[in-house]
Structures are given as C-alpha cells and as structure tokens.
Amino acid sequence: MAETKGTIFRIRRFSIHDGPGIRTSVFLKGCPLRCSWCHSPEGIDAQISVWHTPGLCISCKRCLTACHNEALKMSSGSVLIDRAKCTLTGGCTEVCPAGAMQFTGRTITAQEVFREVRKDIAFYGTSGGGLTLTGGEPLFQPEFSLEILELCRKAGIHTAIETSLFADLDVAEKISSAAELIIADLKIFDPQEHETYTGQSNEKITGNFLFLAETGKALTVRIPLIPGITDTAENINAISAFAGSAGRNIPVELIEYNPLAANNYRRLGIPFQPDRVFNKDNL
Amino acid sequence: MTNISGKAYPSERILSLRRKTVSAERYLSLEQAGIITRVYRQKSDLPVILKRAYSLSASLDEISITIDPQELIAGNRTVGIRAGVVFPEAGISWLEREIETLPSRPQDPFHVRPEDISFFRDHIAPFWRGKTLEDDIYGAAGEEISAIETVVKINQKDHAQGHICPDVKSWLIHGPSALAANALSLSGSSSGEKKLFFEAAGMVLAAACRFMERYSGLAARLAGDEPDEKLRGNLMQVSANCHNLSTGPPSTFREAVQSVWFLFVILQMESNASSFSPGRMDQYLIDFYRKDVAAGILDNEIALELMDALFIKFNQIVYMRNGKSARYFAGFPTGFNITVGGTGKNGEDASNELSYLILKAQEDIRLPQPNLTARLHRNSPDEFTDECSRIIGLGTGMPQVVNDESIIPAMRHAGIHDEDSFDYSLVGCVELSTSGNYLGWSDAAMFNLVKALELALNNGKCMLTGKQAGPNTGYLSGFPDYRSLEEAYRKQISHFVSKMTEVCTVVEKCHREHLPSPFLSSVVNHCLRNGTDVTAGGAKYNYSGIQAIQAANIADSLAVLKKLVFGDGLVGKAELLGALRNNFRDNEPLRQMCINRVPKYGNDVEWVDRIGAEWIEYFSEQLKRHRNFRGGPYQMGLYTVSAHVPMGQYVGATPDGRLACTPLADGGLSPMYGRDKEGPTSVLASVSRIPSRLAGNGSLLNMKFLPSMFSNETDRSKFTSFLKTLVKMPVHHIQFNVVSAEELKRAKADPEAYRGLTIRVAGYTAYFTELDSDLQDEIIQRTTQGENG
C-alpha cells in the first residue's frame, strides 16, 4: 500500500474533551474556512511555516546567522520573521538550541500517525476512548484521514472526526463512513453571516449534515461560543432546531471560546482581531 | 463535607478536636528523656535489652497523661499535643547543637522552656555523651561514612529506624495481657539471650496494660468532675474501654480503634521513630465493625466519627527532626500509613465498608497524617476506584494509589511467600511490607547514581570540590567510545555499593547493641516464637532497602552522551566535560542543546527509557551480591520522597542540562521536572519500562493534574479510567497532586522546571510556560478564585 502522507500540527495524547473517554487527538493542518476567530491559527494554512516562541528563546542569535535569506531580526528579546523573505529552508530551526524556532507542523505518513495513536490503546479500552481527527480540517486531507481512520478501525480503536463538514458530499460521505462518531462544528446558521465570518457559505455544511443524519451515523453538534457572533440566542436556537430537524436525538454541545488563541497569533506574527474574552466559569 | 443519613460531617466534636490539635503550640518535651536517663543510671549493669525494657516500663508508669473530655479515643506519648521528644540512647549531638535554636528555626520550630535547656545540658547530655548509638556508629565507621558521603547517604544513624508494619491483627486478637503472660511463661522455659528477650517483652507488655489502666483511672476521675452530662458519659465510656483493654482483647469496634491507637502510642514511646504504619486497617477492623452493626450498637455515623477521631490522633504525635532534616521532611511526615482496598488471599477483592469510611475520614480531616494508600487491582470495583478518584480530586494528594498487579509479583520476586505477598501494605511513604512479619529496614541508605555518573565522567573526582571521591576510571575526554564510559560507570557503582554495604552492616549491628525493641518485637512475627529481637533478625523477613537515585537524570544524561557526543558528534567530549565542570557558565546554548536536542525520559521514547532501565537493573544486581547484618538481602527502592533536593546539592552540572546543585528529578520514577511534555499516558509508558519488579522496597511516581480534571463527573470518570488502566501496567505507585495557583506562580517564575505543565482554560489546553505573561497572570488569578470557591 502506498504510504499516504499528510500534514499535521500536533498529536495530543490523553485528550479528554474531544469525544468519549481518553483519546489521542491528531490535528491536521489546512482548513478551507477562514473563521475570523479561529483559535488554532497554525492549523489554517496547509503549508508548514516557521514560528517563534519568545518564552523559550535565549537570544543566542544563532538563527539570525543561519538564515540565508536574512528573514530574521532580533527585536526586544523576540525574533521577528519577515515572511516575505522566508523560504522555509529551516536553517533556523536546526540551529536553535532552545526549541524556540520551530516549524508549525510536520509531514507524516498515516502509518506513523497510527503508530502514535496505538500507544494508548490500553487507555481507550478502559475509558471507551480512541482516536479523534481534528484540525484544521480533517476533510481537507481526505486520503490521509481515510487511511488513518481505517488503520485504527482495523486495530479496534474507536474513531471520531471533528469537522466543519465543509467538503464535497462524496468526501464527507467517504470519510464519515470510516469514522464511528462525527463531531460537527456548526458555527453560524444564517448562510450570509456564515460567509461573512468564515469566507464560505454553509450550504455544503448543512447539506452534508442532513445527509449524515439520515444515514444514522453517530453525530454530535458543537457550537463554539464566539461573543457577538455565534453566541446569540437566535443562532444557537437555529442550529439546535436544525439539528433537531433531522428527526433524531443529536446532542448539541456549547463550547467556550478559547481565550488563549491570541498567544498563537502572536507566535505566528499575524494580527488578531477579536478581543480576548475569558469566561469566568471555565478554568 | 460528606453527608451520611442526612447528618453533616465532620461532627462538631470532630471539628473542635481537629482545631485543638492543629492549633496546639509545640514544645520540646524532655520528660521521657529524663526517665530513660534515670533508669540507665540506676541499672547500668544490666544488659541493654533490660535497660530498654525498664526504661519503657517506667515511662508507661510515670509519663504525664491527659484526656480531652471530647475525645472518643484517648492517649498520647506526651502530655502536650505534638510535642517533640528525644531519645538520648540513640543520639543527642544534634540537640546539643540546636536546642537553643529550636524555637527560631524556619521549618517546624518547637518552643523550649528555659528549665528544659538547663535540664538537658546539665543532666541529660553529660550522661550520654560518648555512649549513644550515634557515637558508636561514628566510632566504628565514621571515616567510611564520610568517604562515601557524596554518593551514599547512610540513614538511621541517630534514631531508631521505625519503618515497620506491626501485626495489629494479633494485637487485637490477644491484647497485651495475654501476650505478656505468654512471654513470661516462655521466659521461664528458656535460657541465655532468649530468656532475657522474653523477660523484657513480658515486662513491657505488662507495663502496656498498666498504661491503659492509668488512662481508665484518669478518665473516671475526670468524669467525676465533669458537669456536662454528655462529656461525662463519654469519659465513662473511655474509662471502661481502657480498662477492658488493659485486661483483655477489645470486644467492640470502639475498643478496637482505641486499642490500635494505644499500640502506636506505645511503639512511639519505645522507639521515637518515623513510619510505624497501621497497614490494612479496613481488613483487621472489619469483623469488629460488622459484629457491632449486627448487634445494633454501631452505624456508619458512629463508625465514621471514630475513624475521624483516630485520624486526628495520628496528627498528635510528631517526629522531631534536626534542623537540616526538617527542611527536607517539612510538616511532619510521621509516616502512619494506612492501606485500604486490595486483594484477599485468593486474589478476590477485599475492599469493604470500612475501606469507604476510611476514605471518607480523609475527606473529613485533611491533615498530613495518616498517610493514606489505596490498593487497586484488576478486580477492584468501579465504585471503589471512583471513590478514590473523588477523594484524590479534593487535592490533598491522598490517597496515593498502588497497584497490586505490579507489586505482588515484585514481592514474590523478592522472595516473599504467597501467603504474605497478597497481604502487603505500605510503610511510611511508599515502602513495601508484608503485614506484621517484616523488617524491611527500608530507609537504610540512598544511593546517588547521578553523582556516581559525575565521578565516572571525571576520573572519580567530584566536579564541585575537585576531591578524589571514587576510583580512577578515566575522563570523558579520554573515552574512545560509549562503551568505555559505561565500563567506568559500572566500576564507580560497584565500588560504592561495596563500601555502602560495609557501613550498613555496622549501622545495623549498632542498632542491635543499642536499641533492642522488645515491645515492637512482641508484635512482629516471629520474634516471640523464636525468642529473638527484631533488631537481631527475629522477623520472618529481613531486608534492607537502598534507594536508587534517580532514574530520570541517569536516562536523560546518558542519552545526551550517547546521541550528541558519541553518536552525532555534535558536541565534543572535552567541550561537554569542560562545560559540566563550569556549570555551563557562558555556554547556555550548549545547555539548551542538551535539553532540547535529545529526547527525555517521560515522553514515551523507548531508547531513552531503556537506558534508565538498564542502569536500574545493573544497580539492583550489584545489591544482590551482598547480604545484610540480619542475613537477609538488600533490595532496591525507587523513591526519594523529598531527598531529591539535598541529593541534588551534591551533584555538579549534568549532561541532561541540569545545573549544579539544583534538585534532581523528584519522587523516584518521575521524569525530570519540566522535561515531560506528552502528558500522563506517555509518562506511564516511560515509567513502565523501568523494571519496577526489581523495586521490592517500593517506588514513587508523582503526577500533577489540573483541578478541572475533577470538576465534573464526566472528567472524573476519565480519571477513574486512567486508574483502571494503571493496574494493567507494571507501575507500583502514583501519587496525584492537583495543581494550585501557588504552583502556577512558581511555573511563571521558573519556566524551565515546568515546561510540561499544561493548563486548561475554557476547555482548551496549552503549555503554561509558552503563554505570554499577561495570560499567565489571568490564569493564576482564576485558579486562585477556583480554590476559594
């Protein structure tokens, strides 16, 4: 079998809030949506890039000399990356002794992902957990996702995907059939609004959702609560009614907005629009 | 607060007793030291075992006693709560140096009455100088002790060694009066040393009965003067209980609990040592409980209140340490370890109604003692495991969890018979013991494998002082390959193990000569059967425990050498050696490479973990080549409790990027702090590669969880699943801490030590130290609020 490769930005073991039980979450890089509030900005771009973590930097400046493109400069204890000049050769990541200069993701085969996921198989057994593919958008790398799901399923590992469902129907259908649970992140019900805040209409999303609901597939809806955008009573009620219209009992979960997102925007050196909001009850 | 049949717990009485215990001012008490000194003066010609027996008997007859009218369970070894005592026959040198500064020392101070200073200086110290256990040990092996002190810390040099789980079951079945009669009759039919032993045992057991009778009398007198009817009734009950116990075994649950407490008070009056452990209390008290419940004289409400009262009692005896030791064993970890749950004789689950009541008592009392341990195994009921999760979630660090599936095979591997291994319990912190027939001498010494590695890199010379501490085995710069380094390391370890066991033999011999313990021996099988004191090898099992310190630093350091130096060649041998000697001064990039360019133990990276495993195995094999003074084997422990701090002070900079004199990895099997970044399942995977089956003396793993892990039932059930998975892994022990705001502040100030610390905000996880300062502050703020709420 050809070794299907994909791009991920993280594997998190002992993940306890991405589906039932104790899970391993694999974060796939690349997303077709551009949600203004995205809390994993490093997962948006399908391309791997470089980012810098000031808290780890020891200001040794080795990266500055290692960069052949003069894309880096030091400014008040932090390294600034001129992304127009950066050609991602990775010289800076190789010389950085502190792990402050890193790629935002890595290329990996489905087999390698599976081997990572398999490590916690004993914990899945006792807790009813398993694998969750998330991102970014797992439907954005369909073959890669499919292969991981199939490898896990064959090994008896419960599989889930967390997805926006923004994909062509055949992709959604294929991948969904390989996963035992679909966690659908439904954000905004109004198609116009959806396009305004995510760059895409939600037509495909709702279509895919209804299709999946009809197949009887295990589904959970998650609504991220973005202040002033998705957290209105009107939007929440509309999505809940929509989920209910499928004629099945599909659970709807409300997910707090991630106040830590700003940190990752800073590390990527890109501006972040919404104000950070802490919800008091959720630490 | 728990709620049983509509009533709020803990009760008002318990809250009041707890308040009084916690707020009592601690004083130095020389009352018993005075009695012991007098007896030794008067009976200077007698054999030591009789002097010890007369001293204990006189103390039981004379020591001032008191009873709080609210107390359900009476008794203490001093009239003051939490008084600090010293037993001069073991050693007085530290108190000679520190008696004046006891009240002002920063950690665990004690008030000292001026008259006690002069009593000590004029009457006690002069008599004992040159005659104590400590004097003899240093006389016989002082030079050897200092010759190995950078690598080996020899313990139990100036106090009794404690660390034992007595046979509480037979104490409850027979009671001291029957045990005394038995010992005296055996004394009549034997001769020589055995006769002396039986005579001594009979004497102290009879004195134990009189001690209980004194409490009975005092309670009756206090009852006579007590105007409050309820308190008077309680005192009369205390009086009746103590009287019954002085003449026979307990017949009710309350008497049994009182009897257990008397046992530990008297053990402390004989030995003043840490870590006399009650063991499997849910097992030996359950028959009393069930009998009284069936008879209609006991319900869960009363039983829990008695457990609460006993838990408070365990905090009224503290072990006073010298100033240095108090810094490392802060807050009086006296080591009364109670074990609940676990398997029965045939592998069946043995948890019972009392297991749950004891866990509830932990919820009620939440004081440092007792140290509470829950045994889990593959057939533990979900209800029990989940109750453990709930209590752990309260954040007291208790119960610690131990794994029958890993420990019982390890004990068998160490030579424990099947009829004893299932019945194991924990002693002190995490030391393993069978119930009532085992002298593990579990804290014989700590062996600093990290320091030995330093010597192996530097031709046996200490990098901090330049002194020659070990054999000449070459410099890192001269090793042609990794194998040569391994060879040098093996020589260093083997050298220090041999020297250490020679000193341990001297220490044990001196204990036998100075601190025979007839009372303790009468509750340790088979001392009474074979007429041999426990210090002379009278127990059924006779081990000595040596702690191997510290797997994480060894694995991480050797991985750096293997990969960066001998593998990739990215770092030169001389360059690294020079940097280590200079404590990485002006070479932070090299130190960062050591930290970040090579994977670390605790992240489920097999080749690194195997290095740790290999050396732990080598060390254990070296121990097996020696026998202890009592004819038993040495066995390895993988725990330090808090000694990773002082042990680290002896060690120069290490190839894992650790700076000179900073702490080593904590606990025993924990990864180096800040170096594990893949979460708890990865830590367990790494830990399970270290051969715990060789750690018959016990092992320790610390893990931290966020408060949110326990904040709702769904998340808590995942923690319970985590515990249920643990029992499938070869890991002995885990202690769980819940991250506090204080800890987050430390993480902010010292990010390197907390690289692996993740936090959750609003359902999202991030590495705390990678967050910007303002975000960190908000999280600290929120965690504080959570604690208050």
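Restricting to the stretch B:676-692, and then to whatever is open to solvent by 20 Å² or more (accessible area, probe 1.4 Å) and in contact with a strand residue (DSSP E or B) (Cβ under 9 Å, 6 or more places away or on another chain), can you tell me which residue is farthest from the other protein chains (Cβ to nearest Cβ)? Break it down stepwise before answering.
So in the stretch B:676-692, the residues open to solvent by 20 Å² or more (accessible area, probe 1.4 Å) come out as B:676-680, B:688-689.
When the remaining residues are screened for being in contact with a strand residue (DSSP E or B) (Cβ under 9 Å, 6 or more places away or on another chain), the result is B:677-680.
Working: B:K677: 10, B:E678: 6, B:G679: 4, B:P680: 5 Å.
Checked the stretch B:676-692; the qualifying residue farthest from the other protein chains (Cβ to nearest Cβ) is B:K677.
Which one of B:P88, B:P69 is closer than 17 Å to B:Q268 by Cβ and part of a loop (DSSP other than H, G, I, E, B)?
Numbers: B:P69 fails: closer than 17 Å to B:Q268 by Cβ.
Just one listed residue meets the conditions, B:P88.
Residues checked against (1) out of contact with any strand residue (DSSP E or B) (no Cβ under 7 Å at 6 or more places or on another chain); (2) surrounded by 18 or more Cβ atoms within 10 Å (Cβ to Cβ):
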| site | (1), (2) |
| --- | --- |
| A:G30 | no, yes |
| A:C57 | no, yes |
| A:C67 | yes, yes |
| A:G91 | yes, yes |
| A:E94 | yes, no |
| A:P97 | yes, yes |
| A:T104 | no, yes |
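Within the stretch B:629-740, which helices (runs of 4 or more DSSP H) (wholly inside it) include 2 or more residues that are under 30 Å from B:L580 (Cα atoms)? Walk me through how you get there before you give the answer.
Details: elements: B:644-649, B:680-687, B:713-726.
The qualifying helices (runs of 4 or more DSSP H) are B:644-649, B:680-687.
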Check your understanding: Do we find a residue being surrounded by fewer than 19 Cβ atoms within 10 Å (Cβ to Cβ) and assigned to a helix (DSSP H, G or I) anywhere in the stretch B:72-82?
Key -> no
Exercise for review: Would you point out the residue of the stretch B:86-127, among those that are more than 17 Å from B:T37 (Cα to Cα) and among the basic types (K, R), that is most open to solvent (accessible area, probe 1.4 Å)?
Suggested key: B:R97
Check your understanding: Does any residue in the stretch B:215-228 that is within 19 Å of B:S246 (Cβ to Cβ) come within less than 6 Å, Cβ to Cβ, of a residue that is among the hydrophobic types (A, V, I, L, M, F, W, C) and in a helix (DSSP H, G or I) six or more places away or on a different chain, and which pairs are these?
Key -> B:Y215/B:C242; B:S216/B:C242; B:A219/B:L235; B:A219/B:V238; B:L222/B:L235; B:A223/B:L235; B:A223/B:M236
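Do we find a residue being among the aromatic types (F, W, Y) and either within 14 Å of another protein chain (Cβ to nearest Cβ) or touching a Ser or Thr at 6+ places or on another chain (Cβ under 7 Å) (or both) anywhere in the stretch A:131-141? Reasoning before the result, please.
So the first thing to find is which residues in the stretch A:131-141 are among the aromatic types (F, W, Y), and the list is A:140.
Now drop any that are not either within 14 Å of another protein chain (Cβ to nearest Cβ) or touching a Ser or Thr at 6+ places or on another chain (Cβ under 7 Å) (or both), which leaves none.
Among the residues of the stretch A:131-141, not one is among the aromatic types (F, W, Y) and either within 14 Å of another protein chain (Cβ to nearest Cβ) or touching a Ser or Thr at 6+ places or on another chain (Cβ under 7 Å) (or both), which makes the answer no.
Matching residues to (1) crowded, with 18+ Cβ neighbours inside 10 Å; (2) more than 30 Å from B:I416 (Cβ to Cβ):
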{"site": "B:G674", "(1), (2)": "yes, yes"}
{"site": "B:L694", "(1), (2)": "yes, no"}
{"site": "B:V731", "(1), (2)": "yes, no"}
{"site": "B:E743", "(1), (2)": "no, yes"}
Review point. Among the residues of the stretch B:439-450, is any without any contact (Cβ under 8 Å) to a residue 40 or more places away in the chain and more than 30 Å from B:A539 (Cβ to Cβ)?
Key: no
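Yes or no, residue by residue, for (1) touching a helix residue (DSSP H, G or I) at 6+ places or on another chain (Cβ under 7 Å); (2) in contact (Cβ under 8 Å) with a residue 12 or more places away in the chain; (3) open to solvent by less than 40 Å² (accessible area, probe 1.4 Å); (4) aromatic (F, W, Y):
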{"residue": "B:L457", "(1), (2), (3), (4)": "yes, yes, yes, no"}
{"residue": "B:S477", "(1), (2), (3), (4)": "yes, yes, no, no"}
{"residue": "B:F496", "(1), (2), (3), (4)": "yes, yes, yes, yes"}
{"residue": "B:H511", "(1), (2), (3), (4)": "yes, yes, yes, no"}
{"residue": "B:L520", "(1), (2), (3), (4)": "yes, yes, yes, no"}
Study note, to complete from the structure: Being modelled with pLDDT of 95 or more, more than 28 Å from B:G335 (Cα to Cα) and out of contact with any Cys (no Cβ under 8 Å at 6 or more places or on another chain) narrows B:L267, B:L263, B:L231 down to just B:L231
Review point. Can you find a residue in the stretch A:88-102 that is in the same structural domain as A:P259 (by TED's automatic domain parsing) and of a type in the set (D, E)?
Key: no
**Study point:** Unmet requirement for B:V651, which otherwise passes all of (1) within 16 Å of B:V450 (Cβ to Cβ); (2) open to solvent by 10 Å² or more (accessible area, probe 1.4 Å); (3) away from chain A (no Cβ under 14 Å)
**Key:** (2)
Practice item. For B:E752, indicate whether it is among the acidic types (D, E), assigned to a helix (DSSP H, G or I), open to solvent by 10 Å² or more (accessible area, probe 1.4 Å) and away from every other protein chain (no Cβ under 12 Å). Key: no
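Mind checking whether some residue in the stretch A:28-35 is within 11 Å of another protein chain (Cβ to nearest Cβ), touching a helix residue (DSSP H, G or I) at 6+ places or on another chain (Cβ under 9 Å) and touching a residue at least 40 places away in the same chain (Cβ under 8 Å)? Let's see the steps before the verdict.
Taking the stretch A:28-35 as the starting set, the residues that turn out to be within 11 Å of another protein chain (Cβ to nearest Cβ) are none.
No, the stretch A:28-35 has no match at all.
Please find, within the stretch A:106-120, the residue that is farthest from B:F722 (Cα to Cα) out of those that are open to solvent by 30 Å² or more (accessible area, probe 1.4 Å) and within 10 Å of chain B (Cβ to nearest Cβ).
Kept after step one, since they are open to solvent by 30 Å² or more (accessible area, probe 1.4 Å), are these residues of the stretch A:106-120: A:106-107, A:111-112, A:115-116, A:118-119.
From the residues that got through so far, the ones that are within 10 Å of chain B (Cβ to nearest Cβ) too are A:116, A:119.
Values: A:E116: 18, A:K119: 14 Å.
Here the answer is A:E116.
Would you mind finding the one in B:I408, B:I392 that is in contact (Cβ under 8 Å) with a residue 40 or more places away in the chain, open to solvent by less than 10 Å² (accessible area, probe 1.4 Å) and more than 30 Å from B:L577 (Cα to Cα)?
On the way: B:I408 fails: open to solvent by less than 10 Å² (accessible area, probe 1.4 Å).
Of the residues listed, the single one that is in contact (Cβ under 8 Å) with a residue 40 or more places away in the chain, open to solvent by less than 10 Å² (accessible area, probe 1.4 Å) and more than 30 Å from B:L577 (Cα to Cα) is B:I392.
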Check your understanding: From the set of residues in the stretch A:69-79 that are hydrophobic (A, V, I, L, M, F, W, C) and touching an Asp or Glu at 6+ places or on another chain (Cβ under 8 Å), which is most open to solvent (accessible area, probe 1.4 Å)?
Key -> A:L72
**Study point:** Given (1) away from chain A (no Cβ under 14 Å); (2) at pLDDT below 95, number of the condition B:D568 does not satisfy
**Key:** (1)
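Can you name the helices (runs of 4 or more DSSP H) wholly within the stretch B:187-302 that have at least 2 residues being of a type in the set (D, E, K, R) and over 34 Å from the mean Cα position of the chain (by Cα)? Give the steps one after another, and end with the answer.
Working: elements: B:192-225, B:229-247, B:253-271, B:281-284, B:286-294.
Where helices (runs of 4 or more DSSP H) fall fully within the stretch B:187-302 and carry at least 2 residues being of a type in the set (D, E, K, R) and over 34 Å from the mean Cα position of the chain (by Cα), they are B:192-225, B:229-247.
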Revision key, fill the gap. Counting only residues in the stretch B:700-716 that are crowded, with 19+ Cβ neighbours inside 10 Å and among the polar types (S, T, N, Q), the one farthest from A:I16 (Cα to Cα) is identified as B:N702
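Mind listing whichever residues of the stretch A:59-81 are part of a helix (DSSP H, G or I) and either under 31 Å from the mean Cα position of the chain (by Cα) or among the hydrophobic types (A, V, I, L, M, F, W, C) (or both)? Break it down stepwise before answering.
Keep residues of the stretch A:59-81 that are part of a helix (DSSP H, G or I), which gives A:62-66.
Selection gives A:C63, A:L64, A:A66.
For the stretch A:36-55, which positions are within 14 Å of chain B (Cβ to nearest Cβ) and either in a loop (DSSP other than H, G, I, E, B) or within 17 Å of B:I759 (Cβ to Cβ) (or both)? Lay out the reasoning, then the answer.
Taking the stretch A:36-55 first, the residues within 14 Å of chain B (Cβ to nearest Cβ) are A:37-43, A:51-55.
Passing the criteria: A:W37, A:C38, A:H39, A:S40, A:T53, A:G55.
Taking the condition more than 27 Å from B:Q550 (Cβ to Cβ) and within 26 Å of the chain's Cα centre (by Cα), does B:K169 pass?
Numbers: more than 27 Å from B:Q550 (Cβ to Cβ): yes; within 26 Å of the chain's Cα centre (by Cα): yes.
Yes, satisfied.
The values are calculated or read from the model by the stated rules, or taken from the named source; none is laboratory data. Since this is a predicted model, take the numbers as computed values, not measurements. Cβ sites come from the backbone with ideal geometry, for glycine too, and all protein chains shown count toward neighbours. Just so you know, the surface numbers come from the protein's heavy atoms only, side chains and all, with ligands and any DNA or RNA stripped out. Shrake-Rupley method; radii C 1.70, N 1.55, O 1.52, S 1.80 Å.
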